[in-house]
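What follows is a short report on a single structure.
The values are calculated or read from the model by the stated rules, or taken from the named source; none is laboratory data. Here the structure is a predicted model, which is why all the values come from computation and not from measurement. Glycine gets a Cβ as well: all are built from the backbone with ideal geometry, and neighbour counts include every protein chain shown.
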Amino acid sequence: MGLTAAEHAFYDENGYVLKQRLIAPDAISQIDREIAGLHERMTEAMPDGVGISWEEFEDEHAPKRIRQLMHSEVVSEGLNRALRCDEMLDIIEALIGPDISLYHSKLLMKAARDGTAIPWHQDYAYWKRDDNAPLMVNCQLALDRADDENGCIQFIPGSHEWGLQEHERAQTSFGVFLPGHYRQRDDAVPVPMEPGDGVFFSALTIHGSGPNESHRDRRMNTFAYNVTGNSQGQCREWLRGHAL
Ligand SMILES: O=C(O)CCC(=O)C(=O)O
C-alpha cells in the first residue's frame with residue numbers, strides 16, 4: 001500500500017495524511033470483539049503492563065470510563081497485529097525510514113456522552129528528551145466512525161513547521177497542552193474517519209479534539225513509532241537538518 005507521491009506531498013505540507021481503509025474490516029471486527037466491555041473488565045482487573053487513566057466525574061457513583069489505556073497491544077491481539085502489519089509499517093517506513101521502533105500503542109476510548117476533549121498539543125512536548133529529535137510519527141487508527149459530533153481528531157495544518165511550542169503542564173492525563181487547553185480554533189481541520197482508516201501525523205503537528213457529545217463511542221488507537229536510536233548525537237536525519 002505505502003503512500004502515493006501526492007499523499008507524501010500532502011504530509012510534507014500539512015504534517016498529517018489520512019489513509020482510508022488502512023486496516024481491513026475483519027481485523028477491525030476482531031479488535032472490536034477483543035475490546036468489548038473493556039471499561040467494566042478493566043475496572044475489575046487490570047493486566048500487568050497496562051496503564052489506565054480514567055475519565056474524571058463529579059458523581060463518584062458514575063460507572064468508570066477509560067480515557068486512555070497504555071500498552072493496548074496487551075489487551076488486544078488484533079491491535080498487536082495491526083501495529084506490526086505491512087500496511088502500517090510500509091507507511092511508517094515511507095515517513096521515517098526503515099529503522100523503526102515502536103514508541104507506544106495507546107487506546108483512546110472517548111466514550112459516548114462521557115468522553116472529554118483532548119487539549120491542543122504537540123506529541124513531542126511529551127516525548128522530548130535531551131538526546132532525541134522530533135522524528136517520531138503517530139498513526140491514529142479508527143475503530144469507530146468519528147466525526148464532529150463524537151469528537152474526531154483535528155489538526156492545525158502546517159504546524160509541524162513551527163518548532164516546539166511552549167506548553168503548560170498539569171497533573172492530569174493529557175496534562176501537557178497549549179495555552180487555552182481545548183477550545184474551537186478557526187485554523188483547525190477536523191478529520192472524520194471510518195473504522196479501519198488511519199491518520200498519520202508528525203511529532204510536531206498540533207492536534208486536539210472536542211468532547212464526545214453523541215450517543216456513539218469514538219474509540220481510536222494511536223500507534224507511535226520512533227527512528228531506532230533516535231538521539232541528537234547519532235541520528236543521521238537530525239544531523240542532516242541541523243548543520244553546525
Ligand atoms: O484522540 C484524539 O483525538 C487525540 C489523541 C492524542 O492527541 C494523542 O494521543 O496524542
Which condition breaks for Met70 when tested against (1) farther than 22 Å from Ala146 by Cβ; (2) touching a His at 6+ places or on another chain (Cβ under 9 Å)?
-> (1)
Residues of segment 213-226 being crowded, with 24+ Cβ neighbours inside 10 Å and either out of contact with any Leu (no Cβ under 7 Å at 6 or more places or on another chain) or farther than 16 Å from Ile118 by Cα (or both), in sequence order, are Arg218, Phe223, Tyr225
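What are the residues in segment 84-111 that are part of a loop (DSSP other than H, G, I, E, B), touching a residue at least 40 places away in the same chain (Cβ under 8 Å) and within 17 Å of Ile23 (Cβ to Cβ), if any?
Our first condition is that a residue be part of a loop (DSSP other than H, G, I, E, B); within segment 84-111, this holds for 84-85, 97-99, 109-111.
From what is left, the residues that are touching a residue at least 40 places away in the same chain (Cβ under 8 Å) are 85, 97, 99, 109-111.
Result: Cys85, single match.
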Only one of (1) within 12 Å of the ligand (Cβ to nearest atom); (2) assigned to a loop (DSSP other than H, G, I, E, B); (3) under 25 Å from Ile35 (Cα atoms) fails for Glu149. Which number is that?
-> (1)
In segment 178-188, is there at least one residue being within 17 Å of the chain's Cα centre (by Cα) and within 29 Å of Ile31 (Cβ to Cβ)?
-> yes
Condition met for Glu60 (in a loop (DSSP other than H, G, I, E, B) and more than 16 Å from the ligand (Cβ to nearest atom)) | yes
Those residues that are within 11 Å of the ligand (Cβ to nearest atom) and either at pLDDT below 95 or closer than 16 Å to Gly210 by Cα (or both), I need them from segment 132-141; list them, please.
-> Gln140
Filter segment 115-131 for residues that are within 8 Å of the ligand (Cβ to nearest atom), of a type outside the set (A, V, I, L, M) and either crowded, with 22+ Cβ neighbours inside 10 Å or not in a helix (DSSP H, G or I) (or both) and give the result.
-> His121, Asp123
Yes/no for Thr205 being crowded, with 23+ Cβ neighbours inside 10 Å and at pLDDT 95 or above = yes
